[in-house]
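Shown next, in structure tokens, is the structure this report addresses.
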Amino acid sequence: MDWEIVNGVTGLVSALVAILGIFQYRKISSEVSQPKSGFRSQKFYAFWIASAGWALCCLSYLWLIQPYGMYPSDREYKQFFGIVLGFPALVIFLYGVNLLQGEQKNA
């Protein structure tokens, strides 16, 4: 697959997810009743927006600065996508740790 195709598809998906997430976040936050569980749809859409924003920031950096040059290798592809996927993984990890700490305080 060509580098330009991967960049274009990733950028389009990230932008669409960010736009959809913003609209859903506004819709959910305007509702009066929210569930009392640890997982709320408002938090999910906030996570969705943040992850899409992170992907757009990474792609913008890649397109503007071009740290890998015009023709990145397979190793550089993997490194870049590792950076893009690292933020959502870190957020999910920290959310899980906060849930565990909340259970310890309640027990």
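The values are calculated or read from the model by the stated rules, or taken from the named source; none is laboratory data. Because the structure is predicted, anything quoted here is derived from the model rather than measured. Please note: Cβ atoms are built from the backbone with ideal geometry, for glycine as well, and neighbour counts cover all protein chains shown. Surface accessibility is based on the protein's heavy atoms, side chains included, excluding ligands, DNA and RNA. Shrake-Rupley method; radii C 1.70, N 1.55, O 1.52, S 1.80 Å.
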Response to the item:
Going through region 83-107 in order, the residues found to be open to solvent by 60 Å² or more (accessible area, probe 1.4 Å) and touching a residue at least 60 places away in the same chain (Cβ under 8 Å) are 99
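One line per residue, one yes/no per condition, for (1) touching a strand residue (DSSP E or B) at 6+ places or on another chain (Cβ under 7 Å); (2) at pLDDT 65 or above; (3) open to solvent by 70 Å² or more (accessible area, probe 1.4 Å); (4) among the polar types (S, T, N, Q):
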{"site": "16", "(1), (2), (3), (4)": "no, yes, yes, no"}
{"site": "19", "(1), (2), (3), (4)": "no, yes, yes, no"}
{"site": "28", "(1), (2), (3), (4)": "no, no, no, no"}
{"site": "37", "(1), (2), (3), (4)": "no, no, no, yes"}
Worksheet entry | Filter result (over 11 Å from the mean Cα position of the chain (by Cα), open to solvent by 50 Å² or more (accessible area, probe 1.4 Å) and either farther than 19 Å from residue 8 by Cβ or not hydroxyl-bearing (Ser, Thr, Tyr) (or both)) within region 47-82 | 63, 64, 65, 66, 67, 70, 73, 74, 75, 78, 79, 81
Item to complete: Test residue 53 against the criterion of being more than 22 Å from residue 99 (Cβ to Cβ), modelled with pLDDT of 80 or more, out of contact with any Asp or Glu (no Cβ under 9 Å at 6 or more places or on another chain) and small (Gly, Ala, Ser), and give yes or no.
Response: yes
